[in-house]
Amino acid sequence: MKNVLYVRKEMLAEQSPPPSSIGAVGWIKQNLFNGWFNSILTLISLFLIYSILINLIPWLLSPTWQANSLTECREINNAIKDGGGACWGVITERWPQFIFGFYTRDEIWRPVLVFLFLLITIAPVLIDWLPRKLLLLLVVFPYVAVWLLWGGPVWSPLVSFLGLLLGYCTWHFLKPTANTGGAVGHVQLLSKHPFILVIMTIAIPIVWWSFLATPLSNSLTDIFPWGLKVLPSRNFGGLLLSLTIGVTAIFFSLPLGVLLALGRQSDLLIVKVLCVWFIEFIRGVPLITLLFVASTLLNIFMPPGTNFDIILRVVIMVTLFSAAYLAEVVRGGLAGLDTGQYEGANALGFSYWKAQRLIIMPQALKISIPGIVSTFIGIFKDTTLVSVIGLMDPLGLTTAIRADMAWNGVYWEINIFVAVLFFVFCFSMSRYSMYLERKLQKKN
Amino acid sequence: MVISMEDKKARAEMLALNDHAIEISGMNKWFGTFHVLRDINLNVKIGERIVVAGPSGSGKSTLIRCVNRLEEHQSGKIVVDGTELTSDIKNIDKVRSEVGMVFQHFNLFPHLTILENCTLAPLWVRKTAKKEADEIAMRFLEKVKIPEQAAKYPGQLSGGQQQRVAIARSLCMMPRIMLFDEPTSALDPEMIKEVLDTMIELADDGMTMIVVSHEMGFARQVADRVIFMDEGQIVEQNEPEEFFNNPQSERTKLFLSQILGH
C-alpha cells in the first residue's frame, strides 16, 4: 500500500445545482444579462423594439377596412387622431385580385379546386406515414391542374394522359423479369439490348402525342363536347400566377437539377461539357434576361403562326434557371459523400443508376436539403420578376392598383399584403425543411 | 482453430486438386505515370485462404481492388471464376455479384438500417423476394452474432459491430470469393478480435478469401499462403510457418522485424 498516492474511500452523493442557475431567473441571467456588455446590448435592443412597436401598432390597427378610397381612409384617420394610420380599404376591395388576378369571377372555383388538389397531392410527399400509393397523384395532378386552370375539352388531358400510360405499359409488360431465363423472342432480344426497351418506352408516347392524340381528342370532342370554358393565360394574375409558375418550376427543376449534377460529374466527356456549359451559362445570366428572351426572342425563332403560351414560356425559363442552381447545390451534396459509398455500391454489383437512386442520391439530397429549399424559396420569390414582361403577379398588381384614381398613393399597405402572402409560403417551406432535417438527423 | 502440421499437409493436397478461383497473369497497373502494380502473377485455388502483407503503398489494396475491378488494370489478364475482367460491363457485373468485399472503413449505407443494408443488394441486384431476402439477411446477421441490432442504423453501432455487419452484407449476396481490404485497421484494439473471429469462422466454412492485413496472428492461424508485396511487386510468397520463421528476401526480413519487433 505504500506506493498508492490517493484512494477515494467513499463516492460523493449527487447534489442539486445552485438555484441561480436554474428556472426563470437562471434562464434570464444566462441568456440576457450574461456580463455587462450583453446586459447593455439587451437593454438597447429592448428599447429599439419598444420604439418600433409603439409607432407601428397604432398604424396597423387603424379602422379603415371599410373605406372605398384613399380620401375616405384619410377622413376616417383624421377623425380619430393626427391622421397617420394605414389605409386597409384597398385590401378589402382588391384581395380577390391579389389572389386570382383577372381570372373570370364565375370560374374561380377552378383555381380553388386546383389549390386543394395540390395540397392533397403534396401531402404524401411531405408526410411519410401516408400510404406511398398516394404518390401516384403526382402523375395525375399536372393533367388535372392544367385542364382545370386553362379549361378546354375534357378529352385533351385524358388523351394526353393515355400517352403516358402507353409508355408505362410498354415498359412494364416488355421489361425482362428476373426469371425469364428460357424465354424466347422479344424478351430475349430486350434482355440482351435493354436500350431498345428504353427507346421504345420513350418513342411510343411521343408518337402518340405528336400524331394520334390531337385527331383523337378532336373527334371525341365532336361527338361528346364536354369541357370547361377556355380561359387565356392573360387572365392569370396575382398569387395564382406566382403559384402556377413557382410550383411547376419547383416540381420539374429538382429532377432536372439532379440529372445536371450527375451529368457534370459524368465520365462521358460530351455530357459533362454540355452540362457544365449549360449550368455556367444559366447561372451567369440574370433571370430577367431569360424572361425577356422568353417573352420576345422565342417568338422570333418559332415558325410563324405558332401560339406558344406565354406562361409556358416563362415556366420553362424559370425551371431551367432553378435547375442550374439546384444542380450546383446537389453537386455540393454529392461532394460531401465518402467515395466509400460508391465503392460499397459497386462491390455489391449495383449498376450506376441503381446505386444513384438507392444509395447516393438519398444521402446527397439529404445533405443538400437546406440549399435545395433555399433555391426553391428564391425561385418562388423570383416569380415576381415576371411583372417586367407584363404579367400581373402580385407585385405587378400593386402598380396596376395605384393606377386606379381611388387608390393612387397607396404604397405600404399593398406591399405589406404582398409581403405577407409570400412570407406565408416561404416561411412554411423553411420550417418544413428544418423539420425534415431534424427528422433525418435522428436516424443517424 | 489451430491447424496441426498433418492437417495442413492434407489441406494443401486437397487444395491442389481444386480449380482456380482467381487467375492473374502478367498484370500491370499505373496510376497516371506511377507504376503501382508490376507484372503480377497469382493463382488462387477455390477454398484457398491468402493473406497479403506489405508496407503501406506497396500496392496490396490496389491488387485486390483489381479483382472486382474497383480499379482497372491496364495490361495482363485477370480471370475470376472463369470470367475474364475486361471493359465489358456484363463481365464486371457477373464478377462483382460473385465476389464480396469488406473495406477498411466498412462503407455501410448510413441512411439504411442494418437489415436494409443487408437486403438492398439481394433485392435490387439479385431480385430476390423481400421475405426471402429478409430471412437470408437475418441468418447471416446471426452468423456474425448481431441479429438484435437489425433495426438500428450503422451510426448507432460500434466499429467492430459495423464491420461484422459489412461482412454479413457481403455474405447476403452468396459470394464464392471474399476480399478483405485491411478489415481491422480502422478498429479499436478491443474490437479487432470480434472481427477476426468472424473471419476465422468464415474460413472454417471453406470460403475462398484474400485478406490484406497486418494481423500476423491471423495470417499464421488461418492462411494457406502469405504473400509479401513491396513496390508493386510480389516479393515473396510461402506457407505461413515458413514465411514467418524463415523469410528469404532481405525486404521481407526487414518488414517482419519491424512489425513483430515490438
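Data table
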| read-out | value |
| --- | --- |
| Test: residue in the stretch B:85-107 that is at pLDDT 90 or above, surrounded by fewer than 18 Cβ atoms within 10 Å (Cβ to Cβ) and part of a strand (DSSP E or B) | no |
| Test: residue in the stretch B:80-92 that is within 18 Å of the chain's Cα centre (by Cα) and within 12 Å of chain A (Cβ to nearest Cβ) | yes |
| Residue among B:E6, B:E23, B:E13 that alone is assigned to a strand (DSSP E or B) and more than 14 Å from chain A (Cβ to nearest Cβ) | B:E23 |
| Every pair of residues 6+ apart whose Cβ atoms lie under 7 Å, when the first sits in the stretch B:153-168 and is within 13 Å of another protein chain (Cβ to nearest Cβ) while the second is assigned to a helix (DSSP H, G or I) and surrounded by fewer than 18 Cβ atoms within 10 Å (Cβ to Cβ) | B:Y153/A:K443; B:A168/B:K143 |
| Conditions (1) touching a Ser or Thr at 6+ places or on another chain (Cβ under 7 Å); (2) without any contact (Cβ under 8 Å) to a residue 60 or more places away in the chain; (3) closer than 25 Å to A:T319 by Cβ; number of the one not met by A:W208 | (1) |
| Near pairs, Cβ below 6 angstrom, 6+ apart or cross-chain, from the stretch B:61-82 (more than 20 Å from A:G349 (Cβ to Cβ)) to any residue that is in a loop (DSSP other than H, G, I, E, B) and at pLDDT 95 or above | none |
| Residue identified as in contact (Cβ under 8 Å) with a residue 60 or more places away in the chain, small (G, A, S) and over 22 Å from A:P394 (Cα atoms) among A:G85, A:G101, A:G163, A:G152 | A:G152 |
| Answer from A:G336, A:G371, A:G284 - the residue that is touching a Gly at 6+ places or on another chain (Cβ under 9 Å) and either of a type in the set (A, V, I, L, M) or closer than 28 Å to A:S430 by Cβ (or both) | A:G371 |
| Qualifying position, being at pLDDT below 95 and either farther than 30 Å from A:A419 by Cβ or surrounded by 15 or more Cβ atoms within 10 Å (Cβ to Cβ) (or both), among A:F278, A:F211 | A:F211 |
| Condition check for B:L120: out of contact with any strand residue (DSSP E or B) (no Cβ under 9 Å at 6 or more places or on another chain), within 24 Å of B:V52 (Cα to Cα) and at the interface with chain A (Cβ under 10 Å from one of its Cβ atoms) | no |
| Tally of residues being assigned to a helix (DSSP H, G or I) and among the acidic types (D, E) across the stretch B:226-256 | 3 |
| Single residue of the stretch B:215-236 satisfying the filter (closer than 25 Å to B:H35 by Cβ and surrounded by fewer than 18 Cβ atoms within 10 Å (Cβ to Cβ)) that is farthest from the chain's Cα centre (by Cα) | B:E231 |
| Filtered residues of the stretch B:169-209 (kept if more than 14 Å from chain A (Cβ to nearest Cβ) and at positive phi) | B:G206 |
| Every residue from the stretch A:31-54 that is under 36 Å from the mean Cα position of the chain (by Cα) and of a type outside the set (A, V, I, L, M, F, W, C) | A:S45 |
| Helices (runs of 4 or more DSSP H) contained entirely in the stretch A:333-391, each with at least 1 residues that are more than 10 Å from chain B (Cβ to nearest Cβ), touching a residue at least 12 places away in the same chain (Cβ under 8 Å) and of a type in the set (F, W, Y) | A:361-382 |
| Criterion: surrounded by fewer than 17 Cβ atoms within 10 Å (Cβ to Cβ) and hydroxyl-bearing (S, T, Y) - qualifying residue of A:S368, A:S430, A:S387 | A:S430 |
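The values are calculated or read from the model by the stated rules, or taken from the named source; none is laboratory data. Fair warning: this is a prediction, and the values are worked out from it, not measured in the lab. Every residue, glycine as well, gets a Cβ built from its backbone with ideal geometry; the counts of neighbours run over all protein chains shown.
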